[in-house]
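Report on the structure given below.
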């Protein structure tokens, strides 16, 4: 039984507490938040859980095995490092840290102390994304030509992070998980329409050595909510609409074929192939539950989580690169990752 | 009565012939195509129309007042210049020419000879786009924050032009018409997934001096067909879905508002506003018919068409700039238009 | 402050308890359920609320002002009558009772004792239905020609009530509220595909004296979930899609017009009118909250609820008539209501 | 080569002429219409085709092998009988005749003269309906529990036939083709909202001996256009949306299962099964072309068409029964067909 202390009971914290309370092998020991009105809610809902306004109380508590941090991103590094130094396993909300340097330091600290470091890129634990990876890994999709994502809605404007850090962060983790490849270059453009606020709209292209190209369109300023990903392969194509109540993932037996017939030298020798469409049944387990139980298993067995510090770091690198390119109006930024993922 | 000679009876030519045959003030005199099987079709459908494999016959025909050119883009300049030199008014399919230099020469020649030059950016004559311009010009939308277009489907791959020239061309003309402003910079990325073919997928960002940002996502390699534009303004927002059988254009009374309340100095002072949605009735006239009659009127009255050579040139400039940026992986390309539009 | 005792903490009871706990002027005093595991949940969530397996305890409790009954429909009459006889105001889940005779007895008992009787036809308190009534009552829709509802999904099969009692019940209450008129006849057809179970699929037509015709298509055996209502009027038409996240209600300026031109005697003189579409902003308050506060107000002020026993009775009459017609393969059943609503 | 004479060049006639002109084994010899302006159009489009205002000219023409009748339904019997008596094969638009008695006479006449009689229930030749029949016949769907169709739009009001004859006619032919079974009873309701016009809205339920129940919702007075069919089977379920540009037919691996576990005696022993969804590729041939070539083949080989007089008659019987029930407010009408289909 892994006993959790959770720091931060704002927007996402309640989901963590509920899942740690119910996940197999997990339990909630304590919750910290600077806002006592939040703690009152915890007290009503979970009378047996200890609450405190001082996160240090959780670090000092020998009954706490793991710390989960669901506070603003600019506090992740300081709180996370303190937790590791107190010998606690660490669950960090995404993005992992503000800078890639901070991410590297946390990874090193966790490795040195042999502690488990989990970054909560929740989409990796959804039935939809796992099914898509299964299809890609099986070779059914063929070579991946492109990934094209639209992730837009009205609000929520954030004060300290831009829309890339808030929304494209999901695509960056999904791309890493699906492709097992880190991009070599990024070109991004975007804008903050309101002085003194972070960028509220961004368009990001990622270039991969294998020839795959990926694109993310993210916005806090759209009149309609869209959560759609297209993936085109040489054999099949996928659409993923996260707002559909069912049949979120569809696989199209569609594609393009080229002939080398010399008689058609003056024609563009492209043919279209169109066949059945298929929407596989998806696992329905709540992603956060699956993630929580995976973390518990990793702690118990000394394994590395699927969403480990390395994934967290690569995502932060992409946020840094994309933000830098965006401020240069699309200027190409090359990625020199020292931690390329071994797929 | 303006009598038309049409060069090219392939994909789009039949639509031109049908509309010139039926438009008020217009008539079809002759059709030229190098493929006699195409001319056989013309002969059956329009027994009274003269057909020929030699375009020169149309230029030599004193009964022809205007020439419409619906051939591949790499022939537009030569055929168009010959038509102007023969004293004919000129209708050119889009994009106007392969290069902006060619476009400038045609504009100058038409001006010198006092001939009417029309570029067939058909979307400008649709009820949807005209309604959107009306709303923007009225000030109801407020300041235009962004334009975001998705224009994707499977095929048709083209041999001599890339996907920007084929699909983003529509957005470039629509943007010019809606905003009355030429962009100052472009950043584009894209890819040709099949060696020896033009780029089949592109992502283009356009930056405007007024602060508007525009983005176009175009592809010949998508499993589903999408034709969607979002426009966000400071007062209202628009969605335009060209595949909807009705209610193509929707206006949302949604937006963001900021407060300057100093007490909220530590908060991001953003509020959301959400109200009614409204789908105006759109004029149902076929766009090509409206364009044809507008061209006829312009010839008769010596007026400049809404889609004149200047618009055609500005669009070609954007295709050149976007293609150049795309080949530089998003490298920012600045636009120095000598013919900024006076809106 | 009205203090509630709630009987039944199964599927719907938790929603009642949550809303009574949070509604202005209301509080939860006690909860009864025969299943102690349900009471354990209440104890954890609401430590201050008294729980019991014996509903009689609630009736005997002088601290309880009103009883809400969220148990299977075959217990409504007995429990409801006991509550009234104990002097408690009464909130009944829908349908009110198994038979119209039972409904009449409860209405009479409540009237005699001057107690407030509320039937929880929740849809009446949604922003969508209230907006639709506003439009109809204003005359903007014109004469109501028809109401056409589809309410289908896979499951939940019920053991003791048929699909009419489970799903068409919503349409019957909505129709009563929107039209202010009771039908004069019903024709229904339906089927139970599984021996020994209630009908799982039904098609019901309701005929009104004013000429309005209404139809409900209800099913527990559909592969997709649909919740759609169309209402056609002589001036405008409405669509209501309850599964849309926004713009649930749309008003179409569409219709039919007839001419009496004698020259057109051989033509069917029908013209179509098509104009703008408009989706009004809807009030977002949770319907159950609005209903709870309305009940509290009615008790305080001695007013009659919008969803009173009369509405509940008329709905039960329609369920009886529709079920009878359904078992006669569509045989017309005439309604002789002694309690026609005074609109 | 079968040479066709077509009577009637109004709404549907041009489609017939075009398809007979292009179908393998067919040719157009002559077209008759009382309206000379229609014949002018024919003359322009098909200069070689003979035109006349007198249908008798076509019957007298020995160069005409088959007559296609695309005139108002109240002329079908007279014209069809004359064509058969002139020794011509006969193509009739749907519905075949105004009364079932007329249909029987035409069938008998054609049989006596050994002429081919084809009724143009076009849906039977669509890729979608043929795929659905294939799935049902293969047993993959299991037992057919229900068929549920919505076929509504604004207009076109007709002067001489009601909405059942105009729209439900499609469902009646599709049901016959898919189920191979004639219903035993019908209950229908509907209304004409405008005095002196036929019913513009109808709800029809069909009962089958096998236990299948079918329902059709048809209207000329809906603000939106819908063309949707659901079919529920014991193993799988189908949705068919004819307005979708692709993936019109979807097969859901969803259903209900019952257990006989005596321990669950107090529970309703229903389980839900939900699995993959699959959208098969559909044949893209134009239905009318397929029908035309099938008719030509049947004439050549002396075969009976899939949409023969027997199907046409059964559909007319259902229109008669449904209209009769509708005028009795849902009164059950039993069908005594003497020509039950041998599937």
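Side notes on the structure shown:
- Residue count, region C:322-331 (criterion: within 12 Å of chain D (Cβ to nearest Cβ) and at pLDDT 95 or above): 3
- Some residue of region C:119-131 being at pLDDT 95 or above and on the phi > 0 side of the Ramachandran plot: no
- Verdict on residue D:98 being part of a loop (DSSP other than H, G, I, E, B) and within 22 Å of the chain's Cα centre (by Cα): yes
- Across region D:85-94, the number of residues qualifying as free of Cβ contacts under 8 Å to residues at least 60 places away in the same chain and either within 11 Å of residue D:7 (Cβ to Cβ) or surrounded by 22 or more Cβ atoms within 10 Å (Cβ to Cβ) (or both) comes to 1.
- Tallying residues that are touching a strand residue (DSSP E or B) at 6+ places or on another chain (Cβ under 7 Å), within 14 Å of chain B (Cβ to nearest Cβ) and surrounded by fewer than 23 Cβ atoms within 10 Å (Cβ to Cβ) within region A:168-192 yields 3.
- Checked across region B:126-134, the condition of being within 22 Å of residue B:216 (Cβ to Cβ) and within 14 Å of chain A (Cβ to nearest Cβ) holds for at least one residue.
- The single condition from (1) more than 9 Å from chain A (Cβ to nearest Cβ); (2) closer than 26 Å to residue B:140 by Cβ that residue B:252 fails is (1).
- Some residue of region C:139-161 being farther than 26 Å from residue D:226 by Cβ, within 16 Å of the chain's Cα centre (by Cα), at pLDDT below 95 and within 14 Å of chain D (Cβ to nearest Cβ): yes
- Count of region B:1-11 residues which are in contact (Cβ under 8 Å) with a residue 40 or more places away in the chain, touching a strand residue (DSSP E or B) at 6+ places or on another chain (Cβ under 6 Å) and either part of a loop (DSSP other than H, G, I, E, B) or over 24 Å from residue B:84 (Cβ atoms) (or both): 1
- Scope region A:193-216; condition more than 7 Å from chain B (Cβ to nearest Cβ), under 21 Å from residue B:223 (Cβ atoms) and surrounded by 19 or more Cβ atoms within 10 Å (Cβ to Cβ); matching residues: A:206, A:212, A:214, A:216
- Selected residue [more than 14 Å from chain C (Cβ to nearest Cβ) and farther than 18 Å from residue A:289 by Cα] from A:5, A:87: A:87
- Members of region C:206-251 found to be free of Cβ contacts under 8 Å to residues at least 40 places away in the same chain and either touching a helix residue (DSSP H, G or I) at 6+ places or on another chain (Cβ under 9 Å) or part of a loop (DSSP other than H, G, I, E, B) (or both), listed by number: C:208, C:209, C:243, C:244, C:245, C:246, C:247
- Condition check for residue C:19: at pLDDT 90 or above, on the phi < 0 side of the Ramachandran plot, in a helix (DSSP H, G or I) and touching a helix residue (DSSP H, G or I) at 6+ places or on another chain (Cβ under 6 Å): yes
- Applying the criterion of at least 3 residues that are touching a residue at least 40 places away in the same chain (Cβ under 8 Å) to the strands (runs of 3 or more DSSP E) found wholly in region A:23-73 leaves A:66-69.
- Scan of region B:229-238 for residues that are surrounded by fewer than 19 Cβ atoms within 10 Å (Cβ to Cβ) and more than 9 Å from chain A (Cβ to nearest Cβ), ordered by number: B:235
- Given (1) at the interface with chain D (Cβ under 10 Å from one of its Cβ atoms); (2) crowded, with 22+ Cβ neighbours inside 10 Å, number of the condition residue C:226 does not satisfy: (2)
- Number of the exception - residue A:297 against (1) at pLDDT 95 or above; (2) surrounded by 18 or more Cβ atoms within 10 Å (Cβ to Cβ); (3) over 25 Å from residue A:167 (Cα atoms): (2)
- Matching residues, region C:43-53, being within 14 Å of chain A (Cβ to nearest Cβ) and either in contact with a helix residue (DSSP H, G or I) (Cβ under 6 Å, 6 or more places away or on another chain) or modelled with pLDDT of 90 or more (or both): C:49
The values are calculated or read from the model by the stated rules, or taken from the named source; none is laboratory data. All values derive from a computational prediction rather than experimental measurement. Cβ: placed from backbone, ideal geometry, glycine included. Neighbour counts: every protein chain shown.
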